[in-house]
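Visitor: Input: one structure, supplied below.
The values are calculated or read from the model by the stated rules, or taken from the named source; none is laboratory data. Keep in mind that what you see is a predicted model, and the values were worked out from it rather than measured. Using ideal geometry, Cβ is built from the backbone for each residue, glycine included, and neighbour counts are taken over all protein chains shown. Protein only, heavy atoms only, side chains kept; ligands, DNA and RNA dropped before computing areas. Shrake-Rupley method; radii C 1.70, N 1.55, O 1.52, S 1.80 Å.
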Amino acid sequence: MAYSPGFSLPRGGLLFVLLLVGACDGPLRDPSNRSGLASVAPLDAQLLELARADTTFAALVERLSEPGGYFDTDNLISNESSYLHVMGALREIGVRGGAYIGVGPDQNFSYIARIRPSIAFIIDIGRDNLLEHLFFKALFHLSETRVEYLSLMVGRKGPANPDEWTGRSVEELVRYVDSTPAENSIAESARRRVREMVVTFGVPLDERALEMIAFMHTSFIQAGLQLRFTSHNRAPNYYYPTYEALLLETDRTGLQSNYLADEDDFMFLRSMEMGGLIVPVVGDLSGDHALLEVGEVIAQRGEVVSAFYTSNVEFYLMGGGSFDRFARNLTALPRDERSVIIRSVGPGCHNPCRGT
């Protein structure tokens, strides 16, 4: 049984000891040093003035966040190909409702869709992770169906009758996107729509932030579903999955469990995003502000933490000498006997450990 500081796990409640690879959180490098970045015109002052910001959402982001830090990986997609293996354990133990906390990009959505919390917080030391979640939030706001969401993400033309796709499998969605040719006009329209939506959320964004969001979107558009996790100054490992592979992954029973595999899961997530209930936060898990403030908000709502997805962040906290502070922060979170930590573990390593 893995020891998860500050949480009372059920006997035999080990949830996530998987053969995973690498970390999945951290900022992107400066987009000005990368090719293919779409040019971004200065914001129209009138657009900002007319934006209907969700001020509650923006205020919560500001209240909870700390100054950003650095991590040496891109943050567009996960590299944890077995991220869905935990789903059966979550069902068996009955992890449901409450508040969810996670790190990294959109693998969190699959856990949120499974657990159905009342609120979710995505905490990451890199501010770029917050920007990517604003990008995802814009996609959800602009898309009424899964096929529209995926098409907009990779800048492809959506089907003429998207409502007819609501019962389609994720394999069919992937085949549609893979077979739809890229068009510059469609890609430009997608970037423009996302940009215009992002500024309505009320989170202060300077030109650098808007350029980073455009860079993220451009990365999805250029690579399509073949996008892979990358690290700075290191060649990508051959076994890192593509985004397509992550979409098509299953749990250990063979069940499709990605958040885009089911229209009801997508609609649940969309309702949370529309309601400002998936809150991206800039913060160090071992810091003295973000995680503690998230715990305060959860307690004020009368909730407990149902699940905390830490990926392999604990490895880095141990290496940096700050794991004890993280453990103390965990003890301050409201929890019960079903609260769990979902962590990733590399091959041949003690828990927690960086993948190899």
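Visitor: Give me the percent of the accessible area of the range 159-286 that comes from carbon and sulfur atoms, probe 1.4 Å, all protein chains in place. Don't skip to the answer; put the middle values down first.
Guide: Working: 2820 of 5740 Å².
Carbon and sulfur atoms account for 49 percent of the accessible area of the range 159-286.
Visitor: Which whole-number value in Å³ per residue fits the convex hull of the alpha carbons of the range 159-262? Numbers along the way, then the final one.
Guide: Values: hull volume 17.2 nm³, N = 104.
It comes to 166 Å³ per residue, whole-number rounded.
Visitor: Put +1 on the Cβ of every Lys and Arg and -1 on every Asp and Glu Cβ in the range 145-237; which of 165, 147, 220 then has its Cα farthest towards the positive end of the dipole?
Guide: Ranked along the dipole, the leading option is 220.
Visitor: Give the value in nm², to one decimal: projected area of the alpha carbon convex hull of the range 279-326, averaged over all directions. Could you put the intermediate results ahead of the total?
Guide: Values: hull surface 14.8 nm².
So the Cα hull casts an average projection of 3.7 nm².
Visitor: Quote the charge dipole size of the range 172-316 about the Cα centre in Debye, to the nearest 20; the model charges only the Cβ of Lys and Arg (+1) and of Asp and Glu (-1). Each step should come with its number before you reach the end.
Guide: Details: 11 positive and 22 negative charges, 82 e Å.
I would put it at about 400 debye.
Visitor: Tell me, what is the Rg over Rh of the range 125-179, with Rh the Kirkwood radius over Cα pairs? Could you put the intermediate results ahead of the total?
Guide: Working: Rg = 12.7 Å, Rh = 12.0 Å.
Over the Cα atoms of the range 125-179, Rg/Rh equals 1.05.
Visitor: Calculate the tail of P(r) for the range 196-330: the fraction of all Cα-Cα distances greater than 23 Å, expressed in %. Let's see the in-between values first.
Guide: Working: 5202 of 9045 pairs.
Across the range 196-330, Cα pairs with separations above 23 Å total 58 percent.
Visitor: Nearest 20 debye, what's the magnitude of the dipole of the range 59-180 about its Cα centre given +1 on Lys and Arg Cβ and -1 on Asp and Glu Cβ?
Guide: Working: 12 positive and 17 negative charges, 80 e Å.
With Lys and Arg at +1 and Asp and Glu at -1, about 380 debye.
Visitor: Stokes-Einstein at 37 °C, 0.692 mPa s, Kirkwood radius from Cα pairs: D for the range 261-342 in µm² s⁻¹?
Guide: Working: Rh = 14.3 Å.
Answer from the Stokes-Einstein relation: 230 µm²/s.
Visitor: Sorting 137, 157 by accessible area (1.4 Å probe), largest first, what list results?
Guide: Numbers: 137 5, 157 115 Å².
These residues rank, largest area first, as 157, 137.
Visitor: While we're on this one: Within a Cβ distance under 15 Å of residue 295, other residues only, what is the Lys/Arg minus Asp/Glu net charge? Before the final figure, lay out the partial values.
Guide: Details: positive: 63, 301, 325, 328, 335; negative: 66, 284, 288, 293, 296, 303, 336.
Summing Lys/Arg as +1 and Asp/Glu as -1 gives -2.
Visitor: Give me the distance in nm between label points sitting 7 Å out from Cα along the Cα-to-Cβ direction at residue 59 and residue 252, one decimal.
Guide: So the two model labels end up 4.5 nm from each other.
Visitor: Which of 176, 95, 111 sits farthest toward the positive end of the charge dipole of the range 91-177, with +1 on the Cβ of Lys and Arg and -1 on the Cβ of Asp and Glu?
Guide: In the range 91-177, that residue is 95.
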